[in-house]
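The values are calculated or read from the model by the stated rules, or taken from the named source; none is laboratory data. Quantities reported herein were computed from a predicted structural model and do not represent experimental measurements. FYI the Cβ positions are ideal-geometry reconstructions off the backbone, even for glycines, and counts take in every protein chain you see. Please note that ligands, DNA and RNA were not included when accessible areas were found on the heavy atoms of the full protein model with its side chains. Shrake-Rupley method; radii C 1.70, N 1.55, O 1.52, S 1.80 Å.
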Amino acid sequence: MHELSLMAGMLGIIAGEARGQGFTRVSRIVLEIGALSGVEPEALRFAFDVSARGTVAEGAELEIEETEGRAQCGACGHTVPVRGTWGGCPACGTDALKVIAGKETRVKYLDVD
């Protein structure tokens, strides 16, 4: 379960920011998780519940915003939603699709005290 190490890393970054910026508590964390990131949101929630104990984020509300995968065709410029494995461009039929969104895994926003 790589979500546990991913969450530990995110909480480490948040702890560093707390020291640097002088906040002592995080009341809300908003994460942005892309559909193509390979991260399972429910596993990430579990990892947060386990990992946040004893940190500035203990007791914080965790909000996860899931973003869809999108790709753009290098041949015709058409943008299409994608999930996992995909075929060719529905507009021109070439297989020149390049992922432009959906791989994100990031802390988008924090509410702090």
Exercise. Can we say T94 is in contact with a helix residue (DSSP H, G or I) (Cβ under 7 Å, 6 or more places away or on another chain), among the hydroxyl-bearing types (S, T, Y) and in contact (Cβ under 8 Å) with a residue 12 or more places away in the chain?
Worked result: no
For this session: Could you grab me the full set of residues in the stretch 78-109 that are hydrophobic (A, V, I, L, M, F, W, C), under 22 Å from A43 (Cβ atoms) and open to solvent by 50 Å² or more (accessible area, probe 1.4 Å)?
Result: V107
For this session: Kindly establish whether G54 is part of a helix (DSSP H, G or I) and not aromatic (F, W, Y).
Result: no
Problem set entry | Tabulated pairs, the stretch 9-23, first over 16 Å from S51 (Cβ atoms), second not in a helix (DSSP H, G or I), C-beta under 6 angstrom, 6+ apart or interchain | F23/V112
For this session: Look through the stretch 49-59, keep the residues that are of a type in the set (A, V, I, L, M, F, W, C) and closer than 14 Å to E3 by Cα, and return whichever of them is most open to solvent (accessible area, probe 1.4 Å).
Result: V50
Exercise. Given the conditions (1) open to solvent by less than 60 Å² (accessible area, probe 1.4 Å); (2) under 20 Å from K103 (Cβ atoms), and given that L11 satisfies all but one, which numbered condition is not satisfied?
Worked result: (2)
Exercise. Yes or no: L31 under 29 Å from I13 (Cα atoms), open to solvent by less than 50 Å² (accessible area, probe 1.4 Å), modelled with pLDDT under 95 and not charged (D, E, K, R)?
Worked result: no
For this session: Please give the number of the condition F46 fails out of (1) touching a residue at least 40 places away in the same chain (Cβ under 8 Å); (2) part of a helix (DSSP H, G or I); (3) open to solvent by less than 60 Å² (accessible area, probe 1.4 Å).
Result: (3)
